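The values are calculated or read from the model by the stated rules, or taken from the named source; none is laboratory data. Model, not experiment: these values are computed from the prediction. Glycine gets a Cβ as well: all are built from the backbone with ideal geometry, and neighbour counts include every protein chain shown.
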Amino acid sequence: MERSRTEGCYAVIMAGGSGTRFWPRSRRDRPKQLLNITGDEILLKKAVELIKPITPPERIKIVTTRAQAEAVMRILPEIAQRDIIAEPFGRNTAPAIGISALYVEQDRPGSVMVVLPADHDIEDQELFRQTIRAAVSRALQGDSIVTVGISPRAPETGYGYIEAGKLIDTEPAIRTVTSFHEKPDLQRAKDFLERGCFFWNSGMFIAKASVMLKEIGEHLPRTYELLMEIRASLGRGDEQRIIGEAYGKMEAVSIDYGVIEKSRNVLMVEGNFGWDDVGCWPSAAQCWPHDGEKNACIGEVVNLDSSGCIVHSPKKPVALLGVEDLIIVEEDDVLLVCKKERSQDVRRLVEILRARGYDDLL
């Protein structure tokens, strides 16, 4: 596809989450997107570098919270302060994408916005960019929201699924969407794989900013009303006050549940570029050095008859003796030890710590 077809698009990178499944490394003042969880580079910086060949820094917007905005500015000095959209507090992805669309429309009406998470890992970056360019080209042609469906490698229970319909374009394949499905149990995930028309939901969306706002207006009318109040304040002295008041009234709802799953205008482009959402310790550890016993380790590890473990302890040596499939994460003030199969439950552990008053550990 010609480069000119994507020259006017914007990137919106969602970077306001807390990353509780990466506790104890991820904390309130240093969430996972501001850490080098994959062992090489800070996740947010990786996301910016990934999209820069399509959208230069002056057309990249970062959505975060006011509490994290200063850290984001330090990490990304090439992004102008006006392009760091600081929500007063998190209200899930629908309000975040809605307010981003307001700023994109203010900058350049009619532009396409490429909404990306800050916490994914891409294997074939050039193929990823080719896929995104194709999605932008399709979004420019009409009023569709294009989502990216990842060709599944296994019956994964940690992702939502997209059921794809009719093929309407090739290289890369773009299809209609039949339905969306929440995270399945293992048997249902296996069934999805056998049927061959199901894809992992990546949480990436490409659409004109005006189209995204229109869809929010149709499916989340109260959120849309509040966004219009914000739009009327943009550039005025009371802009931040109006945003705070509007966010206080907004429903916390994801763009998937609130808009995408209800819209009649969603298409899916197939993503075959090697993707991981870096959502828990085992997914991050895929990028770490491994030993001959399938242990993934950052830091010094002495191993005797142990396999399949994940160890993050850059300051202290860890000795493993006769254990399997453990996660061990060492911080100055706390140590996490859990079974690898329970990695998704680390967030529940954080909730228990919060309820018991261990705020200094969160």
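Okay, here's what the table says:
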item	result
Failed item, numbered, when E293 is tested on (1) part of a loop (DSSP other than H, G, I, E, B); (2) modelled with pLDDT of 95 or more; (3) under 21 Å from P152 (Cα atoms)	(3)
Answer from S100, S18 - the residue that is in a helix (DSSP H, G or I) and polar (S, T, N, Q)	S100
In region 266-287, the residues that are buried (at least 19 other Cβ atoms within 10 Å of the Cβ) and in a loop (DSSP other than H, G, I, E, B)	F273, V278, G279, C280
Criterion (exposed (fewer than 15 other Cβ atoms within 10 Å of the Cβ), touching a strand residue (DSSP E or B) at 6+ places or on another chain (Cβ under 9 Å) and outside any strand (DSSP E or B)) met by exactly one of D360, D332	D332
Which listed residue is within 16 Å of the chain's Cα centre (by Cα) and hydrophobic (A, V, I, L, M, F, W, C), from A86, A11	A11
Qualifying positions in region 172-201 - out of contact with any helix residue (DSSP H, G or I) (no Cβ under 9 Å at 6 or more places or on another chain) and closer than 12 Å to P155 by Cβ	D185, L186, Q187, R188, A189, K190, D191, F192, L193, E194, R195, W200
Residue that is nearest to F198 (Cα to Cα), among those in region 146-170 that are among the polar types (S, T, N, Q) and assigned to a loop (DSSP other than H, G, I, E, B)	S151
Helices (runs of 4 or more DSSP H) within region 187-250 that include 3 or more residues assigned by TED's automatic domain parsing to the domain that holds I132 and without any contact (Cβ under 8 Å) to a residue 24 or more places away in the chain	221-233, 239-249
